Amino acid sequence: MDAFSRLYLNDYELLKDKNDVEGVLISVFSESDKIITQEIEYEEEVKKVRYVLKCKKYADKLDIMGFTLKKAQDEFYKVRGMRKSKDEFVQSLNKSIKFIIDNKIYDEYFLDRISTKFLEEDKLSENLVLFILKNKELFLSGSFIDIRFMLRIVLSIYDSEDDEIIYDVSEIIANGYFDEEFEFSKNAKEIAKSEYIINEKIIVLTEGKSDACILETALNILYPHLSEYYSFLDFKATRLRGSADALVTTIKAFISSGIANRTIAIFDNDTAGQEAMKLLSGIEIPNNIKVLKYPDLEIAKKYPTKGPTGDVVMDINGMACSIELYLGRDILCEEDGSLIPIQWIGYFENAGKYQGRILDKANCLKKFFDKMSDKDISRENFDFSGLDDILKMIFKAFN
């Protein structure tokens with residue numbers, strides 16, 4: 001059996017939705033606006049479940065969301081201006097809406113039973129009344145303008161302390177489409193949030209400026225068709241310092257501020273990065289934020305190092321794989337074909353491991369960006385395997 005949810009302005013039914021709710025409208029309410037009462041209806045006791053808010057407060061929320069009265073009037077004027085000045089048009093529009101609601105008119109056939117004396121004296125208002133009533137379903141579906149703009153105009157007319165906007169979900173609950181405990185407003189907000197997020201760029205956070213520049217460059221070369229979906233943190237513009245600890249601070253800031261964008265935070269595959277990631281343990285990380293580290297490298301399993309015990313070839317995954325190690329053999333090899341070694345520079349007592357850094361780091365970065373400036377650079381003439389592994393990990397982060 002079909003059932004309806006209904007949106008009221010005081011006791012006038014503005015719209016109804018079959019077996020569901022109009023998400024963009026009920027999302028403006030909060031769950032604290034939900035009121036459950038027992039009432040007598042047709043001599044039977046029924047449970048009423050409604051979201052109730054003063055019209056002024058609902059209008060304030062729409063304003064914050066960008067559905068201001070001026071924008072609403074501009075939008076409606078575009079639809080039905082009819083060469084009238086905007087001020088004259090708005091006066092007639094308000095007059096027409098008030099006439100419809102005060103007289104509880106739901107379609108043009110009601111006009112036969114309602115005195116239209118004032119309409120006969122105001123041709124523009126008469127035309128607007130007929131236009132609104134004949135196209136009511138189109139307005140409610142957002143076919144002409146966003147329904148929230150239409151509602152904002154209505155709320156500008158009914159803004160006294162006694163005026164209320166009411167979303168009645170009793171019928172769809174009573175007919176089993178939803179449970180009484182279902183959080184309609186919260187659910188609508190989550191849906192709207194997810195739809196917004198899908199259309200926004202994924203933010204990529206790295207430990208430092210070089211990481212962001214390198215990954216963005218590789219993305220533009222290897223997957224140019226996907227570059228529009230990602231945004232890399234601009235260290236220069238934000239004047240942020242780069243380090244593993246600083247990345248932890250940024251992640252915590254994103255979490256605490258409730259940023260909705262999908263965000264990927266990537267730590268270096270080294271001792272400092274792994275120790276920094278431990279600082280996030282015990283913190284509830286929302287689903288829209290993924291914390292990763294650079295993947296292990298095959299080339300790093302047997303890599304030359306220099307330290308207190310001399311020159312040793314060893315597995316440096318998890319201890320010394322910063323972004324430079326992912327730049328490929330074209331960058332990592334000396335002129336004689338040998339790999340540029342790792343220098344052990346510090347000991348992390350808690351981890352019981354050293355932190356490593358590639359020698360001649362600055363020259364490695366220069367060589368990389370010099371090669372990337374070649375317009376003919378491609379997979380065929382440069383070893384992108386390490387960076388490609390990172391990019392593929394980024395692509396799969398939210399799969």
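The values are calculated or read from the model by the stated rules, or taken from the named source; none is laboratory data. These figures come from a predicted structure and were not determined experimentally. Here the Cβ is made from the backbone with ideal geometry for all residues, glycine too, and neighbour counts use every protein chain on show. Quick note on the areas: whole protein, heavy atoms, side chains included, nothing else; ligands and nucleic acids left out. Shrake-Rupley method; radii C 1.70, N 1.55, O 1.52, S 1.80 Å.
A compact table of results
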{"quantity": "Residue count, segment 271-288 (criterion: of a type in the set (A, V, I, L, M), over 25 Å from SER194 (Cα atoms) and open to solvent by less than 50 Å² (accessible area, probe 1.4 Å))", "calculated": "2"}
{"quantity": "Residue check, SER378 touching a residue at least 24 places away in the same chain (Cβ under 8 Å), of a type in the set (Ser, Thr, Tyr) and under 15 Å from LEU219 (Cα atoms)", "calculated": "yes"}
{"quantity": "Subset of segment 326-354 [closer than 19 Å to PRO295 by Cβ and in contact with a Gly (Cβ under 7 Å, 6 or more places away or on another chain)]", "calculated": "TYR326, LEU327, GLY328, ILE342"}
{"quantity": "Answer from GLY356, GLY352 - the residue that is without any contact (Cβ under 8 Å) to a residue 24 or more places away in the chain and open to solvent by less than 50 Å² (accessible area, probe 1.4 Å)", "calculated": "GLY352"}
{"quantity": "Some residue of segment 129-141 being over 19 Å from LYS18 (Cβ atoms) and assigned to a loop (DSSP other than H, G, I, E, B)", "calculated": "yes"}
{"quantity": "Helices (runs of 4 or more DSSP H) completely within segment 314-399 that count 3 or more residues being on the phi > 0 side of the Ramachandran plot and within 36 Å of the chain's Cα centre (by Cα)", "calculated": "none"}
{"quantity": "Residue list for segment 293-329, restricted to those being touching a helix residue (DSSP H, G or I) at 6+ places or on another chain (Cβ under 7 Å) and open to solvent by 40 Å² or more (accessible area, probe 1.4 Å)", "calculated": "LYS293, VAL313, ASP315"}
{"quantity": "Test for LYS392: is it under 30 Å from ARG262 (Cβ atoms) and surrounded by fewer than 16 Cβ atoms within 10 Å (Cβ to Cβ)", "calculated": "yes"}
